[in-house]
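A.B. asks: Dropping a structure here in structure tokens format, bear with me for questions.
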Amino acid sequence: MSTEHTGIVTPANITSANITSANIGHAHPEHPETSVKTYAAVLAGLLLLTFITVGASYINFGSGTVNIVIALGIATVKATLVALFFMHLIHDKPINAVVISAGFVFLGLLLLFTLTDVKSRIVYKAPPIEKAAPASATTGMPADAAHH
């Protein structure tokens, strides 16, 4: 049985002739070729968003919740860029966009309910502990009790 008929590439039959994008599953004749210029623009956008994320981490937007929402928003934009261009979803069937969007919606709901639960909890603080009076050097009892 030869590999020409099965299309299977194994370590025993690897040659430069059969290592092509068609043989390893990256060729999509129905998708247009993405240019290097597009990938460079996406890379620049991801780097810019990374710098914005780092800069936003040093700014207090009022509460920890707002800071988290801003950071997650930036991360969502970055994840969308990666999925669209590096995973080639921009050229894929529209149903895949619906499935991925639904995933993001449910992730958002999960995070929303988690943050709502954390914010609704009552924080109980222990009462302050009164400091004991220092012990008297002669009696070993607290100074205020030694005089009585």
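A.B. asks: Looking only at segment 76-118, how many residues end up being under 20 Å from Leu49 (Cβ atoms) and of a type in the set (Lys, Arg)?
C.D. replies: 1
A.B. asks: Restricting attention to segment 28-72, which residues are β-branched (Val, Ile, Thr) and either closer than 20 Å to Leu89 by Cβ or surrounded by 12 or more Cβ atoms within 10 Å (Cβ to Cβ) (or both)?
C.D. replies: Thr34, Val36, Thr38, Val42, Thr50, Ile52, Thr53, Thr65, Ile68, Val69, Ile70
A.B. asks: Kindly check whether there is at least one residue in segment 52-70 that is at positive phi and at pLDDT 85 or above.
C.D. replies: yes
A.B. asks: Out of curiosity, is Thr76 in a helix (DSSP H, G or I), closer than 22 Å to Ala56 by Cα and at pLDDT 85 or above?
C.D. replies: Considered against the rule, which asks whether it is in a helix (DSSP H, G or I), closer than 22 Å to Ala56 by Cα and at pLDDT 85 or above, Thr76 comes out as yes.
A.B. asks: If a residue has to be modelled with pLDDT under 70 and outside any helix (DSSP H, G or I) to count, how many in segment 93-148 make the cut?
C.D. replies: 12
A.B. asks: Quick check on segment 62-70. Is at least one of its residues in contact (Cβ under 8 Å) with a residue 40 or more places away in the chain, among the polar types (S, T, N, Q) and part of a helix (DSSP H, G or I)?
C.D. replies: So far as segment 62-70 goes, yes, one or more of its residues are in contact (Cβ under 8 Å) with a residue 40 or more places away in the chain, among the polar types (S, T, N, Q) and part of a helix (DSSP H, G or I).
A.B. asks: Could you tell me whether segment 28-36 includes any residue that is assigned to a helix (DSSP H, G or I) and either of a type in the set (Lys, Arg) or at pLDDT 90 or above (or both)?
C.D. replies: yes
A.B. asks: Filtering segment 98-127 down to residues that are of a type in the set (Ser, Thr, Tyr) and surrounded by fewer than 10 Cβ atoms within 10 Å (Cβ to Cβ), which residue is farthest from Ala83 (Cα to Cα)?
C.D. replies: Tyr124
The values are calculated or read from the model by the stated rules, or taken from the named source; none is laboratory data. A quick note: this is a predicted structure, and the numbers were derived from the prediction, not measured. Note that we place each Cβ from the backbone using ideal geometry, even for glycine, and neighbour counts take in every protein chain shown.
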